[in-house]
Amino acid sequence: MKLKKLAHLIALIGVVGPAMAQDVPVTGKIQRVEITGSSIKRIAKEGALPVEIISRKQLEDQGIVTAEQLIATLNVNGNGSDNLASNADVTSGAQRGNNGASSANLRGQGSDSTLVLLNGRRVATHGMKGSAVDLNSIPMAAVERVEVLKDGASAIYGTDAIGGVINFILRKNYNGLEAQAFTDVAQESGGEIGRVSLTGGWGDLDANGWNVLATVAHSQNKALRGDQRDFVNTFQPDRGVSVDTRGSPHANIFATTLAPTLLSRTGTGPTIPGGGTTTYNGISILDLPGGAGCTSIDGMGPYDEKLWNSAGAAYGCAWDTGRAAVLQQPVKNSNALARATFQSGEHQFFIEGVGSNVEVSKRFSPNQISPGATTFGASSFYPSTGAAYNDVYNRLVAVFPSISANRGLPIAYRWRCMDCGNREIVTETKAARFLVGADGPLNLFGNRFDYRVGASRAFSESESQLGTGFNYTVALANALGSGKINPFLLPGQTQSQEAIDLIKSTSAAGVTLYGGKTILTQVDAALSGEIFKLPAGSVMAAIGTDLRREEYKFNGDARAAAARPAILNAPFDDANALDNVHRDIKAVYAELLVPVIKDMEVTLAIRRDNYSGIGSTTNPKIAFRYQPIPQVLFRGSYNEGFRAPSFNQLFNGLTESPYAGKDLVDPARCPTGLVDASRPGCESINPSYVTGGKANLGPETAKQATVGIVLEPFNWFSANADLWEIRKENTIDVFPITTMVANYNLFEEQFIRNAAGEIIIIDQRWVNAGERHTRGLEVGARFNGKFSTGSSWTLGLDGSRLLEKKSRPTTNAPFGASEVGRFIFTGDLGLKWKHSAYATYKYGNWSGMLQNIYRSGYTDQVLPGVANGLVKPSNYNPKVDAYSIFNLTATYTGFKNVSLTAGIKNMLDEDPPFAITYDSNTGAGSSWEPRVADPRGRSFTLMATYKFF
């Protein structure tokens, strides 16, 4: 009975959502097992650390077939720009070059502070960035369960386990042959998901002394375009959002200092007679009096000069870049696993190989072409011999008579080249790990100890290629200057075949953009067991070592150095090219579990890591578990962490980019910090900004603590609550330019000025400067019972409350405003409350689950015109609504060898809530938040599993 009680407690405590409902088999043989978060093997029970266990059955019940889908459902995971949807458009800064990768972000500490393991051991980080594991490389079809340690584990696993650990446990000793097919089809078009897999296992470790397991799987996520969902609409000025781009399918006409043009000989746009001193630029003839209107062309709308506080843009047209982006990037994923295990007595020896090939296509808006910029030169201006020249001239001169003297001069403009096609970057990543190892018992000094040894080599190699939408700059400039391509097509008009052929002839499709590769070589060993007894029980100990080499290379531009013709807006990163940099890490650790009194145990751990080129660090951990009565368990821990800078943060070269937004002022001259053209010194400025690495970066350090309680007053009810806090110092950050402006006194040296005192460059490189505090509460509750014989039900809730999230750019600066429930770009969005609630029912061959996933709302972004009171949108709401969806699944196992699971995701077909996510600097984003919501809407799932034997 005691053993059954223990198994029941395991199933109830510390497990997320539906995972609480899993059955734990009770056998007559008690084995010591290793629980994620400790190297000491012990009889499985609720430990001192909160660990979520998600079984294969729960993954199937929820229609989860990829690791990215799983991470999105975890309340303990942050809401950062770590998924593919968040990187589907133009990106900058830390997100630049993150093509094709999807990462975990436990407790909002960042993907590079979350350790992802496969069968308890490391895998190579993504080849492109080299800083975090790509979840797409995990062979989910072979996963038996997932263990999520919601606590720092630097003293056990390594310095980078600050946010926590996710351990994907693969199947073991499986015997049989199983085929599985899964499909997930959205009610509206686009975004279909599918997977097929085949798993075979032969031999039994206990009966035969050997087992061979093999799994192959292929999954595919099809593209979901922005124009396939009505909620994607960046033209909603009445709600406070509109697009800050005048690169539209019908070109806007600009003045430029590059050369005299039709609009201006001097670079300053014309004024309206009797209309004051406002000079106008970026003018569309569609938006002039008597014109067809910006909305006469699909996807276009009037540029909102009030929202962007830019009066001179009043006659411009904009284009909704959000509709052109792919909301769900298309992914093709093939992976395989082969594992052979041999049993000799109580010793096991194994050989394991895991491999994956992932192809991700990033697709976003067609290129914005600006012949008025230095990229092209004056030869690319639209000539007076062009077919549309006279019409443009006549419409302009009717409103701006002063330009009549400029007739015959070419036209500088900004144009969205729709006939070039959406930009596409296809990234292929090949990843693999080969592992050999052994574990078993040893008799030393009259005591039994368990050993574990392993050696592995893993790699991840990525390469990005340009698809459609990219053109050779010189060839395209010459084509534009010929006048054969018409950027001023009116509604109903199309390019001539000659123009289309000319555009196609400049295409750079197929050019390799860049590539990177990471290699991880690791040898590890651990020994654990009982060392002596105390009156309260056995003292357990573990010692271990971890030796590894991390290697990284990045080519930046795969083309030969002598053959690199410019490609318009292709994000080559040759400045960041690295030629096989590496570092060696040597670590030793020890762990001690001491039963202080009968019902209380304390675990002490310490680990020392030495990073070549950076130095050594020692990180301790102490945890306790106290169970005064069977119904109550107290637990807690304190630990310290250390994260070394990534190779990119250390060695990346300098990249200079123009700041394209209209919301920046000189903080030394404008006391309000807001753009206001009527106030001297508060004019909008557009300097360049520099990003890149710093070789003298030091490590981040962290201190964190957790204290919690688990209650099981009745066998039909249990609850848990864990309060945690993480304090990071010397954080390695790239600060948003807006933060640097707001804290100008702290970053003054990063603002580079010319002889006239004007800001020309902002140094936005990585710095070791700041501090970040995060505190939260994780809670859970579960009820279970029976309606009748053969039936069972459960009700449960798993929630996460973010209590504090604040940071400061330097240690001598005050902490900024709380980031809980407040919009920020690219980083972790601190939602105040998240939960997963569920109800399950099982009767005979039938089982079902109803699940609610909830994400709280937050304070929205504010565009410049609203911030300074210039405009008050009629339907503006500063709060983003909460996102809440319901999922329903049912499983039937009554057919021989067949299991069927059908489901409805997002039963009520809830759209993502409206949110102002548009980034004026990159042109990315739209009217919804990809860090929170799923854009697919209601979908229908079906999974079929057939067991051949």
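Would you say ARG457 is over 30 Å from SER284 (Cβ atoms), touching a Ser or Thr at 6+ places or on another chain (Cβ under 7 Å) and assigned to a strand (DSSP E or B)?
The answer is yes for ARG457.
Report, ordered by the first and then the second residue, all pairs with beta carbons closer than 9 Å, sequence separation of six or more or different chains, a first member in region 809-833 that is on the phi > 0 side of the Ramachandran plot, and a second member that is at pLDDT below 90 and of a type outside the set (Ser, Thr, Tyr).
Once the first residue is on the phi > 0 side of the Ramachandran plot and sits in region 809-833, its partners that are at pLDDT below 90 and of a type outside the set (Ser, Thr, Tyr) give THR826/GLY80; THR826/GLY93; THR826/ALA94; THR826/GLN95; THR826/PRO736; THR826/ASP919.
List every residue pair whose Cβ atoms lie under 7 Å apart, where the two residues are 6 or more positions apart in sequence or sit on different chains, the first residue falls within region 373-400 and is farther than 17 Å from ARG414 by Cα, and the second residue, located anywhere, is in a helix (DSSP H, G or I).
That search, which allows pairs on different chains as well, returns VAL397/ILE403; VAL397/SER404.
Can you name every residue in region 158-216 that is on the phi > 0 side of the Ramachandran plot, surrounded by 17 or more Cβ atoms within 10 Å (Cβ to Cβ) and part of a strand (DSSP E or B)?
GLY164
Have a look at GLY322, GLY353, GLY301, GLY312 and point out the one that is in contact (Cβ under 8 Å) with a residue 24 or more places away in the chain, surrounded by fewer than 24 Cβ atoms within 10 Å (Cβ to Cβ) and part of a helix (DSSP H, G or I).
None of the others qualify; the one that does is GLY312.
With ASN619, ASN648 as the choices, which residue is closer than 30 Å to LEU547 by Cβ, assigned to a strand (DSSP E or B) and either under 32 Å from the mean Cα position of the chain (by Cα) or of a type in the set (Gly, Ala, Ser) (or both)?
It is ASN619.
What single numbered condition from (1) within 30 Å of VAL675 (Cα to Cα); (2) touching a residue at least 60 places away in the same chain (Cβ under 8 Å); (3) out of contact with any Ser or Thr (no Cβ under 7 Å at 6 or more places or on another chain) fails to hold for ASN754?
For ASN754, the exception is condition (2).
Looking only at region 743-775, which residues are within 34 Å of the chain's Cα centre (by Cα), of a type outside the set (Asp, Glu) and outside any strand (DSSP E or B)?
ASN743, TYR744, ASN745, LEU746, PHE747, GLN750, GLN764, ARG765, TRP766, listed by residue number.
In this structure, does LYS362 turn out to be of a type in the set (D, E, K, R), touching a helix residue (DSSP H, G or I) at 6+ places or on another chain (Cβ under 9 Å) and touching a residue at least 40 places away in the same chain (Cβ under 8 Å)?
Considered against the rule, which asks whether it is of a type in the set (D, E, K, R), touching a helix residue (DSSP H, G or I) at 6+ places or on another chain (Cβ under 9 Å) and touching a residue at least 40 places away in the same chain (Cβ under 8 Å), LYS362 comes out as yes.
For a quick check of your reading of the model, give me the residue pairs whose first member lies in region 452-480 and is without any contact (Cβ under 8 Å) to a residue 60 or more places away in the chain, whose second is of a type in the set (Val, Ile, Thr) and part of a strand (DSSP E or B), with beta-carbon atoms closer than 7 Å and at least 6 apart or on different chains.
Cβ pairs passing all conditions: GLN465/VAL426; GLN465/THR512.
Taking region 93-114 on its own, how many of its residues are more than 12 Å from the chain's Cα centre (by Cα), on the phi > 0 side of the Ramachandran plot and at pLDDT 85 or above?
1
Working only within region 476-498, note down all residues that are outside any loop (DSSP other than H, G, I, E, B) and buried (at least 19 other Cβ atoms within 10 Å of the Cβ).
Passing the criteria: LEU476, ALA477, ALA479, LEU480, GLY481.
Give the residues of region 376-414 that are among the aliphatic types (A, V, I, L, M), in a loop (DSSP other than H, G, I, E, B) and crowded, with 17+ Cβ neighbours inside 10 Å, sorted by residue number.
ALA388, LEU409 - these are the residues of region 376-414 that are among the aliphatic types (A, V, I, L, M), in a loop (DSSP other than H, G, I, E, B) and crowded, with 17+ Cβ neighbours inside 10 Å.
Can you name the residue in region 415-452 that is among the acidic types (Asp, Glu) and part of a strand (DSSP E or B) and, of all such residues, is farthest from ILE283 (Cα to Cα)?
Ranking the qualifying residues of region 415-452, first place goes to ASP450.
Yes or no: region 79-91 includes at least one residue that is more than 11 Å from the chain's Cα centre (by Cα) and farther than 23 Å from GLU428 by Cα.
Checked region 79-91: no residue is more than 11 Å from the chain's Cα centre (by Cα) and farther than 23 Å from GLU428 by Cα.
With (1) more than 27 Å from ARG225 (Cβ to Cβ); (2) in contact (Cβ under 8 Å) with a residue 60 or more places away in the chain as the list, and LYS896 as the residue in question, which single condition is left unmet?
(2)
Does region 562-580 hold any residues that are within 30 Å of SER612 (Cβ to Cβ) and out of contact with any Gly (no Cβ under 9 Å at 6 or more places or on another chain), and which are they?
ASP579, ASN580, listed by residue number.
Would you mind stating whether ASN652 is in contact with a helix residue (DSSP H, G or I) (Cβ under 8 Å, 6 or more places away or on another chain), assigned by TED's automatic domain parsing to the domain that holds ILE761, among the polar types (S, T, N, Q) and closer than 30 Å to PHE376 by Cβ?
Yes.
What's the total number of residues in region 177-214 that are farther than 20 Å from LEU900 by Cα and not aromatic (Phe, Trp, Tyr)?
Total meeting the criteria: 17.
Let me confirm something: among VAL143, VAL123, VAL148, VAL116, which residue is touching a Phe, Trp or Tyr at 6+ places or on another chain (Cβ under 6 Å) and either surrounded by fewer than 22 Cβ atoms within 10 Å (Cβ to Cβ) or of a type in the set (Val, Ile, Thr) (or both)?
Just a single option satisfies the conditions, and that option is VAL143.
Please work out if ARG938 is over 22 Å from the mean Cα position of the chain (by Cα) and among the charged types (D, E, K, R).
yes
Filter region 690-709 down to residues that are in a loop (DSSP other than H, G, I, E, B) and hydrophobic (A, V, I, L, M, F, W, C) and give me whichever is surrounded by the most Cβ atoms within 10 Å (Cβ to Cβ).
The selected residue is LEU697.
Are any residues in region 270-298 assigned to a loop (DSSP other than H, G, I, E, B), among the small types (Gly, Ala, Ser) and surrounded by fewer than 22 Cβ atoms within 10 Å (Cβ to Cβ), and if so, which ones?
Correct list: GLY274, GLY275, GLY276, GLY290, GLY291, ALA292, GLY293.
Those residues that are in contact (Cβ under 8 Å) with a residue 40 or more places away in the chain, farther than 18 Å from ALA161 by Cα and part of a strand (DSSP E or B), I need them from region 622-645; list them, please.
Scanning region 622-645 gives PHE624, ARG625, VAL632, LEU633, PHE634, ARG635.
The values are calculated or read from the model by the stated rules, or taken from the named source; none is laboratory data. Quick caveat: nothing in here was measured; it's all calculated off a predicted structure. Quick reminder, even Gly has a Cβ in these numbers, built from the backbone with ideal geometry, and neighbours come from all protein chains shown.
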